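Participant: Sharing a structure, written as structure tokens. Questions coming.
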Amino acid sequence: MKIVIAGGTGWLGSALSQSLVRDGHDVVVLSRSTRDPLTSTFPRVVRWDGQTVGSWKGDLDGADAVVNLCGESIASGRWNLERKRRLLTSRTEPTRALVAAIAEVSRKPAVLLNASAVGYYGDRGDHLITEDDPSGTDFLARLVVEWESAAREAEALGVRVCLMRQGIVVGRGGFIGHMAVPFRFFLGAYLGSGRQWVSWVHVDDVVGLFRLALERMDAVGPINVTSPEPVTNRELAQTLGAVLGRPVWFSIPGIMVHAAVGEIADQLLTGQRVVPAAARRLGYAFRAPQLGIALRQALCPAA
């Protein structure tokens with residue numbers, strides 16, 4: 001298969017690209033990065049601006065699939081009006097550019113996989129969430145709704161669209177990699193009451209579920225990219241502490257979380273209890289369904 005990946009130079013994009021290349025697929029990475037040489041890591045890199053249709057659309061003509069992983073990190077800074085605008089446009093502009101390019105090529109890709117997030121569902125308490133549940137109403141939920149709506153414009157072009165709603169990804173990088181740092185210095189803690197749900201997934205299962213969606217014609221619409229076993233924030237902290245051989249002695253009160261990170265705290269102190277109903281229907285076998293196993297694989301690979 002020829003697969004074009006937008007935003008493929010990041011942590012998750014690298015893992016997916018390398019998995020596909022190892023199995024002989026022709027992978028083209030669309031990148032806005034000015035770093036050279038990206039080709040030392042990625043076999044084929046094409047420059048684009050992530051906003052307008054350019055010569056890069058030629059790589060979509062005849063491609064079997066497009067994967068869109070574009071988006072500025074949600075947790076990379078405090079939210080203000082300008083930051084919220086960037087979080088939104090860094091997702092919607094590349095998505096609209098990809099759909100516009102697909103509309104212009106003569107041999108359209110069969111499928112568009114669009115990265116998304118379980119933040120779509122908003123705060124649902126203890127409710128067990130599947131892909132059939134409606135969207136929430138907070139900022140992150142509204143952002144995801146607009147992001148997914150931009151991707152779904154490709155359906156009118158005859159393209160199969162999968163909306164890959166990811167939970168927190170467990171791996172050596174990303175949120176868990178940052179979270180592990182204070183734990184290693186005996187400063188691990190859970191947040192607020194610790195009862196809020198955390199939907200997580202191992203990076204290998206992110207790759208596995210994306211590849212399943214690429215290959216299965218009956219994979220369509222929203223797909224929860226999460227482990228079948230969500231945990232509470234307290235369970236996450238305690239399991240991470242156990243894996244690293246560190247105690248978890250205390251919680252950080254919600255007021256302190258708000259003081260430290262601002263509005264992002266609303267996401268950290270609430271959560272979603274998401275299960276991967278679509279993945280189960282498609283028969284996906286999770287490689288790391290239990291949190292302890294996933295954390296050991298990610299943080300203690302030599303153990």
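The values are calculated or read from the model by the stated rules, or taken from the named source; none is laboratory data. Predicted model only: the values in this text are computed from it and were never measured. Quick reminder, even Gly has a Cβ in these numbers, built from the backbone with ideal geometry, and neighbours come from all protein chains shown.
Participant: Filtering segment 247-303 down to residues that are basic (Lys, Arg) and buried (at least 17 other Cβ atoms within 10 Å of the Cβ), which residue is nearest to Asp132 (Cα to Cα)?
Facilitator: Arg273
Participant: Can you confirm whether Arg107 is closer than 18 Å to Ala63 by Cα, surrounded by fewer than 20 Cβ atoms within 10 Å (Cβ to Cβ), of a type outside the set (Gly, Ala, Ser) and out of contact with any helix residue (DSSP H, G or I) (no Cβ under 8 Å at 6 or more places or on another chain)?
Facilitator: When the stated conditions are applied, Arg107 passes them.
Participant: From Arg91, Arg96, grab the single residue that is in contact with a Cys (Cβ under 7 Å, 6 or more places away or on another chain), modelled with pLDDT of 95 or more, in a helix (DSSP H, G or I) and under 15 Å from Gly7 (Cα atoms).
Facilitator: Of the residues listed, the single one that is in contact with a Cys (Cβ under 7 Å, 6 or more places away or on another chain), modelled with pLDDT of 95 or more, in a helix (DSSP H, G or I) and under 15 Å from Gly7 (Cα atoms) is Arg91.
Participant: Being farther than 28 Å from Leu143 by Cβ and touching a residue at least 24 places away in the same chain (Cβ under 8 Å) is the filter here, so list the residues in segment 252-287 that pass it. Steps first, please.
Facilitator: First, pick out the residues of segment 252-287 that are farther than 28 Å from Leu143 by Cβ: 283, 285, 287.
If the condition is that a residue be farther than 28 Å from Leu143 by Cβ and touching a residue at least 24 places away in the same chain (Cβ under 8 Å), then Arg287 is the only one that fits.
Participant: Now a separate question. Can you name the number of the only condition in (1) touching a Ser or Thr at 6+ places or on another chain (Cβ under 8 Å); (2) modelled with pLDDT of 90 or more; (3) not charged (D, E, K, R) that Ser17 fails?
Facilitator: All conditions are met except number (1).
Participant: Here is a follow-up. Cβ-Cβ under 6 Å, sequence separation 6+ or interchain: first residue in segment 58-70 and in a loop (DSSP other than H, G, I, E, B) and small (Gly, Ala, Ser), partner modelled with pLDDT of 95 or more and buried (at least 23 other Cβ atoms within 10 Å of the Cβ). Which pairs?
Facilitator: So the pair list comes out as Ala63/Val4; Ala63/Pro109.
Participant: What are the pairs with Cβ atoms under 9 angstrom where one residue, in segment 177-203, is farther than 14 Å from Val248 by Cβ and the other, located anywhere, is part of a loop (DSSP other than H, G, I, E, B) and aromatic (Phe, Trp, Tyr)? Sequence gap at least six, or different chains.
Facilitator: Correct list of pairs: Val201/Phe286; His202/Phe286.
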